[in-house]
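What follows is a single structure, written as structure tokens, with notes after it.
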Amino acid sequence: MGITVSAATVRAVLRQGNIPPATQRARDTWASFLHTQASGLLACDFFHVDTAFCRSLCVLIVMEVSTRRVHILGVTAHPNRDWVTQQMRNLMTDLEDQLHRFRFFLRDRDGKFSHAFDAVLAGAGVQVLLSPPRSPKANAFAERWVGTVRRECTDRILIMNERHLRIVLDTYTDHYNRHRPHQPFINDHPRPQSPDCQPP
């Protein structure tokens, strides 16, 4: 159109729109991605609980980031690739009617995750995202929940065995998902995104 725009005009327009320079916009791309994609993001993590008899139990959890709803996938003393993959198949079955909501699955680079695990998610149309090595902040939502469940629950109870831990975690997760206030929801409990997700 033959119109020349000076750099000063571009700067003025960006300032009016509160848009920072491109170099600053690119600094927090991971955090921005997590927030913009939260409605379609699942995040998972492992954590360990020691029983009263000095036995270490492994727990696998998955969180729906947008609603902060947590699913306890399994508890075992001997986690391996086959066990982890089966827990993911079970979750895909449980979320069958809601799978269309999720586009990404965030996990770390733990050796217990196999190609078969990723294939289960790919078959459901969910893309697997790997967090960088030794970067717990990259999976902050799941990591924060692990800290919360430890402070509020498992560090305050003597766990006897797998069955006891599963009962304790199921009870706490029900409280967390349905009754515990959350700051992102203005101190309300996690809200389902649709009537199909209503808690029982």
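The values are calculated or read from the model by the stated rules, or taken from the named source; none is laboratory data. Since this is a predicted model, take the numbers as computed values, not measurements. Positions of Cβ are backbone-derived with ideal geometry, glycine not excepted, and every protein chain shown enters the neighbour counts.
Before moving on, here are some points about what is shown:
- Screening S66, S39 for residues that are closer than 25 Å to Y172 by Cα, of a type outside the set (F, W, Y), modelled with pLDDT under 95 and in a helix (DSSP H, G or I) leaves exactly one candidate, S39.
- Among residues of the stretch 72-92, those that are of a type outside the set (S, T, N, Q) and part of a loop (DSSP other than H, G, I, E, B), counted: 3
- Here V84, V75, V59 are screened, and the one residue that is touching a Lys or Arg at 6+ places or on another chain (Cβ under 7 Å), in contact (Cβ under 8 Å) with a residue 60 or more places away in the chain and surrounded by 19 or more Cβ atoms within 10 Å (Cβ to Cβ) is V75.
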